[in-house]
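Q: Pasting a structure here, questions to come.
The values are calculated or read from the model by the stated rules, or taken from the named source; none is laboratory data. Just so it is clear, the model here is predicted, and its values are computed rather than measured. Here the Cβ positions follow ideal geometry from the backbone for every residue, glycine too, while neighbour counts run over all protein chains shown. We work out accessible area using only protein heavy atoms, side chains counted, and drop any ligands, DNA or RNA first. Shrake-Rupley method; radii C 1.70, N 1.55, O 1.52, S 1.80 Å.
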Amino acid sequence: MDITYFVILFLFAAAAGFAWRYHRLRHEMDVYVRQVRRQTFPTGFKDLENLASAVSSLVSTFNQQLSNLDSERARLATVLDQMTDGVLIADSQGIIQFANPAAGKLFLSADPVQHSLTEVIRHHQLVEAWRNSRKTGQLQSETVEVPARHQFLQLVVIPDTHASGSLLLAQDLTRIRRLETVRRDFISNLSHELRTPLASLKALTETLQDGALDDPPAARRFINQIQIEADALTQMVTELLELSRIESGRLALDLQPVSPCELLDSACKRMQMQAERAGLALRVECENDLPRVKIDSQRLEQVLVNLIHNAVKFTQAGGEIALTGEAAPGEVRFSVQDTGIGIPQEDVPRIFERFYRVDKSRAGSGTGLGLSIAKHIVKAHNGRIWAESLEGRGSTFYFTIPLN
């Protein structure tokens, strides 16, 4: 709201200044004309010369002030045209007298001017906010969701006591609401991820306190499990710190020319044993003549390992995972394809968010940060990353690295 009030005050101040200067200019001209009328018409050459000089000076002043007014009006028009918030000015009957381009876009109206607010806004809560402002003579604010457009709009209505009209400022809050949703989900998911190992640690320590310490084999087993849970928490904290460093732009990349096939082979060797234990076939398909790419090989191998690890977790025994590298216009495209359980279409756009879980059946070991870290590493290389999936048939994760 601070920005909203600032914009509104700026618009009113600019408009008031423009009107004040215009009326002052008119007043100065009227005063001068009345003074001239009261004077005797000059009879001598000197008087004519003085009068001509005075008139010339007044005309020059008038032209300068008129030019200043034109500049201010042009500057105000530019500000209104470039604003991302919609600005509407309506008269006492609710007929729109002015609308900037952003207002037309927000309300899907090509030319709102000379149309009624009800016709343009088309939302009863926003219209009611304008009516309440008219009745009370006070500022009104209303925020609504437009389900058909998956959009959140805020309308601020300020009464214009001088012209009996209203100034309306419309803001698109959709991105802010989405960020709030991501923040809430992050906190919720982080709490869930921490609660599981902490509950396990509490149960293990209570069991030891209740007498398991007197049974050395059981005690050793519980202590080993405590170490596993502590390691999981340590890994989560480490990856959170790493993700924070990447997102803040503090990730230092050691860029060196690397063969795409060598990168895939290295990641495959690291994950081969894990795939075999899960009963999966892991193979590499790479075009031999691919150009070398300038990358941080350690970081991109981390991306591939994260993707392969996910594929192993969600692919049943007997399935296969294929790592591919192929040429694309101006870039090299890598992919990790599995024959696993797949991802529902509505979840695909969110799988790169921190801690995002598709559903409980897909929950497994890991911190839930791997895909988010992979996304930011690829973006740090000026690449793109995305996923395609058919539920029940498997998923394919792609990322690209530009050649230049």
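Q: Give me the pairs, please: first residue somewhere in region 375-404 and under 23 Å from Q316 (Cα atoms) and open to solvent by 50 Å² or more (accessible area, probe 1.4 Å), second residue anywhere and at pLDDT below 95 and aliphatic (A, V, I, L, M), beta-carbon distance under 7 Å, and either six or more positions apart or on two chains.
A: Pairs found: E391/I343; G392/I341.
Q: Checking the conditions here, which among T174, T181 is more than 16 Å from V87 (Cβ to Cβ), open to solvent by less than 70 Å² (accessible area, probe 1.4 Å) and modelled with pLDDT of 85 or more?
A: Numbers: T181 fails: modelled with pLDDT of 85 or more.
Testing whether each residue is more than 16 Å from V87 (Cβ to Cβ), open to solvent by less than 70 Å² (accessible area, probe 1.4 Å) and modelled with pLDDT of 85 or more leaves just T174.
Q: Quick test for you: out of Q97, Q138, Q114, Q93, pick the one residue that is open to solvent by 70 Å² or more (accessible area, probe 1.4 Å), of a type outside the set (D, E), over 30 Å from the mean Cα position of the chain (by Cα) and on the phi > 0 side of the Ramachandran plot. Reasoning before the result, please.
A: Numbers: Q97 fails: on the phi > 0 side of the Ramachandran plot; Q138 fails: on the phi > 0 side of the Ramachandran plot; Q93 fails: on the phi > 0 side of the Ramachandran plot.
Within the list Q97, Q138, Q114, Q93, the selection yields Q114.
Q: Any idea which of V144, V182 is part of a helix (DSSP H, G or I) and among the aliphatic types (A, V, I, L, M)?
A: Numbers: V144 fails: part of a helix (DSSP H, G or I).
Answer to the check: V182.
Q: Let me ask something additional. Kindly check whether there is at least one residue in region 181-198 that is among the β-branched types (V, I, T) and either under 21 Å from N306 (Cα atoms) or in contact (Cβ under 8 Å) with a residue 40 or more places away in the chain (or both). Break it down stepwise before answering.
A: Looking only at region 181-198, we keep the residues that are among the β-branched types (V, I, T), and these are 181-182, 187, 196.
Now narrow it down to the ones that are either under 21 Å from N306 (Cα atoms) or in contact (Cβ under 8 Å) with a residue 40 or more places away in the chain (or both): 182.
Yes: region 181-198 contains one or more residues that are among the β-branched types (V, I, T) and either under 21 Å from N306 (Cα atoms) or in contact (Cβ under 8 Å) with a residue 40 or more places away in the chain (or both).
Q: Restricting to region 337-346, count the residues that are open to solvent by less than 20 Å² (accessible area, probe 1.4 Å) and outside any loop (DSSP other than H, G, I, E, B).
A: Initial filter on region 337-346 (open to solvent by less than 20 Å² (accessible area, probe 1.4 Å)): 338, 340, 342-344.
Next, from what is left, pick out any that are outside any loop (DSSP other than H, G, I, E, B): 338.
Looking only at that region, the number is 1.
Q: Something else about it: For region 204-236, enumerate the residues that are open to solvent by less than 80 Å² (accessible area, probe 1.4 Å), aliphatic (A, V, I, L, M) and free of Cβ contacts under 8 Å to residues at least 12 places away in the same chain.
A: Applying the first criterion (open to solvent by less than 80 Å² (accessible area, probe 1.4 Å)) to region 204-236 yields 204-208, 211-212, 215-219, 222, 225-226, 229-230, 232-233, 236.
Next, from what is left, pick out any that are aliphatic (A, V, I, L, M): 204, 208, 212, 218-219, 226, 230, 232-233, 236.
Once the filter is applied, which keeps residues that are open to solvent by less than 80 Å² (accessible area, probe 1.4 Å), aliphatic (A, V, I, L, M) and free of Cβ contacts under 8 Å to residues at least 12 places away in the same chain, region 204-236 yields A212, A218, A219.
Q: Any residue in region 78-94 that is over 11 Å from L169 (Cα atoms) sitting within a Cβ distance under 7 Å of a residue that is surrounded by fewer than 16 Cβ atoms within 10 Å (Cβ to Cβ) and polar (S, T, N, Q)? List the pairs, counting only those 6 or more apart or interchain.
A: Pairs that qualify, where the first residue is over 11 Å from L169 (Cα atoms) and the partner is surrounded by fewer than 16 Cβ atoms within 10 Å (Cβ to Cβ) and polar (S, T, N, Q), are A90/Q97; D91/Q97; S92/S164; G94/S116; G94/T118.
Q: Tell me the residue from S191, S133 that is open to solvent by less than 80 Å² (accessible area, probe 1.4 Å), within 28 Å of L240 (Cβ to Cβ) and of a type in the set (S, T, N, Q), please.
A: On the way: S133 fails: within 28 Å of L240 (Cβ to Cβ).
Criteria check complete, one pass: S191.
Q: Right, here's the next one. Would it be correct to say that T367 is at pLDDT 90 or above and polar (S, T, N, Q)?
A: When the stated conditions are applied, T367 does not pass them.
Q: Need at least 3 residues that are within 36 Å of the chain's Cα centre (by Cα) and aliphatic (A, V, I, L, M) per element, so show me which strands (runs of 3 or more DSSP E) inside region 223-333 make the cut, counting only ones lying wholly within it. Walk me through how you get there before you give the answer.
A: Numbers: elements: 256-258, 281-286, 293-295, 320-328.
By residue number, 320-328.
Q: Any chance region 271-293 includes a residue that's closer than 13 Å to I377 by Cβ and open to solvent by 40 Å² or more (accessible area, probe 1.4 Å)?
A: The answer is no, given that none of the residues of region 271-293 is closer than 13 Å to I377 by Cβ and open to solvent by 40 Å² or more (accessible area, probe 1.4 Å).
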